[in-house]
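One structure below.
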Amino acid sequence: MIRDQIRQIVTQAVASAQSSGNLPSIAFPPVEIERPNQPDHGDYSSNFALLATSAIKKASGRKANPRQLAQSIVDNIPAGQLVGSVELAGPGFINFRLNECWLQQSVLSIIEQGPLFGAIDRGKGQNWQVEYVSANPTGPLHYGGGRNAVLGDALANVLEAAGFNVQREFYVNDSGTQFQLFIESLYVCYIQLCEEQDALPARNLEVPENGYQGAYLHDYAKLVRERVGDRLAHLAPDDAMAALRPIGREIVVSDIEDELASMGVTFDRWFSEQTLYEEGLVDKLLEQLSEKGEVVRRDGAVWFLASNYPGNEKDEVVVRSNGAPTYFASDIAYHYDKFARRNFDRVINVWAVDHQGHIPRMGAVMRALDLDPDRLKILLYNLVKLIRDGQEVKMSKRSGDILTVREVVEEVGPDAVRFMLLTTSPESSIDFDMSLAVQRKSENRVYYVQYGHARICSLLHRAAQNGHRNPEEVPPDAADIVTLLTDPAELTLIRRMLEMEEQIELAVARLSPHNLTYYAEDLTKTFSVFYENCQVLHSDVPRELARARLLLILAARTALSRVLNLMGMSAPEEM
RNA sequence: GCGCCAGUAGCUCAGUGGAUUAGAGCGUCGCCCUGCGGAGGCGAAGGUCGCAGGUUCGAGUCCUGCCUGGCGCGCCA
């Protein structure tokens, strides 16, 4: 990474200034390289001299002059290929400007990297898991789950770009009370359907008190009947429901899977909670924890003594007094499986804020299992408020009247959904204006980037028609040709593209990819300015210069489609 | 009551302790089509960064207190 290289240059300059006695030999803080806001201040800058001043003051009580310190560092920076100029500025900043020749050649390196452009090696082959969505398998996804899906998916993309081996997992809660209620509700709908279709005597069954009422249950019931006919209607209710469980599970999970796929979200693994019970892992771990005194029986229930751990005020029930385990019991086993068996170096769970209370107890579980709590990260995101025609879209979950991810995707399109749900930092809530998202006009920022990409493709296509042979290929003399790229708009575009690595690094460091949306817009904006200022296929433009600009455009397409793909969006060739 | 999060332009939101001017999109008001897709470009207006203190060479960013809003504090998930 460029930033790392510059950091390295400064660090070495500091070391040589120290060994020649121009800088005191004390322990300095690590060198920070930042990107100045103002272009006048160069491409990169370091405030090291300012930080060093206070370090010296602390160490020796002497007050050093930051500009002087900066000068002695600058004096120790050798000439190189990457950096064109180094200057001392303001109270003691060291500003770096990238070498123009180097910028020009990097156009070719961008093209060469292609769809992997911007990849960095932060992961060093570590195995990470991102677990996201993990909605209850009781029906279609509530639109709020869309944010979870988009966030987790883009984060996984970015982690892969940063050199991590990433596994995407959906945890299927196919064992708890909610799933049981779903099966009971589905059973009732199924029976009603059979009574109707197969002329069976009416039993007047009703969906249980806290059961699921949504219309989708009737669709599911139809699917059940298509598979097994009225066979289950002739069994005793308990037997029928036992038989219904795997069928219902498959129907609802594949419905959710389709729904997510409509947004381009797919998983490597759908992990069944039920299997943790079937193989006895839950019991085994509760037993182990009990032997260690982490789990005790009290008031007829079984408790995990979370309050022994920092941040936890209360203990947690793992087995109710009626003998039924809570979801927390299987969560212990699930995380044991993730860390102790599958050995992920790190796991990121994407949770909505209403689950924030679980965070401290998960930390307690990790410690109780002798696992490093830092291996588990929770990415919390705030809720989504849907606005349509200036009004909040309200809904009642009870009547099953929920707006689903599928409906929102159908209404505004998958790319708009992804972009909109990604622009806001996770901890902020989102006001998602659907009426705005549908508009394919300038008021809608979603299509701006895609439009830019489509223009690029159109331009390359037209170049071929205009007699440029193979505009998508790099000619043998490309290294000479790109030296013609000297227009400020051209160089600015190159600089912007070269931020890709830093944007990926930033998204990984914060565990949030929302910066990508802003970067994508910025990139497109810079391209548009270039496009406005620099003609390519006009007859006035010399042949060689046109070729150079086509290479730049090819690089721009590489960069734009890369960032779109990282966000999980399509990069259309025409619109 | 306690805990977590948010409060930045008319609206929706960025902002990684830095450089007399705090950014973007939309909206508003002006320009730019005998030029590669105008779903574009240029410019203007618009801010006591919730309030009050503090830390430091330097604070929208860190600390404390307060105000407002959201979420959480079950033998629910």
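A few remarks follow.
- Residue that is farthest from residue A:319 (Cα to Cα), among those in segment A:329-356 that are away from RNA strand B (no atom under 16 Å from the Cβ) and among the acidic types (Asp, Glu): A:345
- At least 1 residues being under 20 Å from residue A:39 (Cβ atoms) and over 25 Å from the mean Cα position of the chain (by Cα) is the threshold, and among the helices (runs of 4 or more DSSP H) wholly inside segment A:492-572 those reaching it are A:515-533, A:543-566.
- Residue-level check: of (1) without any contact (Cβ under 8 Å) to a residue 24 or more places away in the chain; (2) loosely packed, with under 13 Cβ neighbours inside 10 Å, residue A:515 misses just (2).
- Close pairs (8 angstrom Cβ cut-off, 6 or more residues apart or separate chains): assigned by TED's automatic domain parsing to the domain that holds residue A:546 in segment A:449-476, assigned to a loop (DSSP other than H, G, I, E, B) and among the hydroxyl-bearing types (Ser, Thr, Tyr) anywhere: A:450/A:570
- Some residue of segment A:551-573 being buried (at least 18 other Cβ atoms within 10 Å of the Cβ), within 11 Å of RNA strand B (Cβ to nearest atom), of a type outside the set (A, V, I, L, M, F, W, C) and in contact (Cβ under 8 Å) with a residue 40 or more places away in the chain: no
- Listed conditions (1) assigned to a helix (DSSP H, G or I); (2) more than 27 Å from residue A:148 (Cα to Cα); (3) within 12 Å of RNA strand B (Cβ to nearest atom) are all met by residue A:451, apart from (2).
- Number of positions in segment A:35-72 that are under 18 Å from residue A:98 (Cα atoms) and either out of contact with any strand residue (DSSP E or B) (no Cβ under 6 Å at 6 or more places or on another chain) or within 9 Å of RNA strand B (Cβ to nearest atom) (or both): 12
- Selected residue (criterion: surrounded by the most Cβ atoms within 10 Å (Cβ to Cβ)) from residues of segment A:50-73 that are not in a helix (DSSP H, G or I) and not polar (S, T, N, Q): A:64
- Any hit, segment A:548-556, residues being out of contact with any helix residue (DSSP H, G or I) (no Cβ under 6 Å at 6 or more places or on another chain), over 23 Å from residue A:82 (Cβ atoms) and not acidic (Asp, Glu): yes
- Members of segment A:327-345 found to be outside any helix (DSSP H, G or I) and surrounded by fewer than 19 Cβ atoms within 10 Å (Cβ to Cβ), listed by number: A:342, A:343, A:345
- One residue from A:86, A:107 being within 28 Å of residue A:488 (Cβ to Cβ), buried (at least 17 other Cβ atoms within 10 Å of the Cβ), of a type in the set (Val, Ile, Thr) and assigned by TED's automatic domain parsing to the domain that holds residue A:487: A:107
- Tally of residues being over 15 Å from residue A:359 (Cβ atoms), within 8 Å of RNA strand B (Cβ to nearest atom) and surrounded by fewer than 17 Cβ atoms within 10 Å (Cβ to Cβ) across segment A:302-326: 4
- Residue among A:76, A:95, A:22 that alone is part of a strand (DSSP E or B) and in contact (Cβ under 8 Å) with a residue 12 or more places away in the chain: A:95
- Filter pass, residue A:479 being over 30 Å from residue A:150 (Cβ atoms) and assigned to a helix (DSSP H, G or I): yes
- Which numbered condition residue A:102 misses (of (1) more than 26 Å from the chain's Cα centre (by Cα); (2) without any contact (Cβ under 8 Å) to a residue 12 or more places away in the chain; (3) not in a loop (DSSP other than H, G, I, E, B)): (2)
Listed here are the residues, each with its yes/no results for (1) under 30 Å from residue A:132 (Cβ atoms); (2) touching a Lys or Arg at 6+ places or on another chain (Cβ under 9 Å).
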| site | (1), (2) |
| --- | --- |
| A:426 | yes, yes |
| A:475 | no, yes |
| A:509 | yes, yes |
| A:515 | yes, no |
| A:539 | no, no |
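- Options A:340, A:352: the member that is among the hydrophobic types (A, V, I, L, M, F, W, C) and over 28 Å from residue A:437 (Cβ atoms): A:340
- Of all residue pairs spaced 6 or more apart or on separate chains, those with beta-carbon atoms under 7 Å, a first member in segment A:309-332 that is without any contact (Cβ under 8 Å) to a residue 24 or more places away in the chain and a second member that is assigned to a loop (DSSP other than H, G, I, E, B) and more than 8 Å from RNA strand B (Cβ to nearest atom) are A:315/A:305.
- Scope segment A:136-192; condition over 13 Å from the mean Cα position of the chain (by Cα), of a type in the set (Val, Ile, Thr) and part of a strand (DSSP E or B); matching residues: A:172
- Scanning segment A:525-538 for residues that are near RNA strand B (Cβ under 7 Å from one of its atoms) and closer than 30 Å to residue A:157 by Cβ turns up A:525, A:528, A:529, A:531.
- Of all residues in segment A:79-92 being part of a strand (DSSP E or B) and within 18 Å of residue A:48 (Cβ to Cβ), the one that is nearest to RNA strand B (Cβ to nearest atom): A:89
The values are calculated or read from the model by the stated rules, or taken from the named source; none is laboratory data. As the structure is a prediction and not an experimental result, all values here were calculated from the model. Cβ sites come from the backbone with ideal geometry, for glycine too, and all protein chains shown count toward neighbours.
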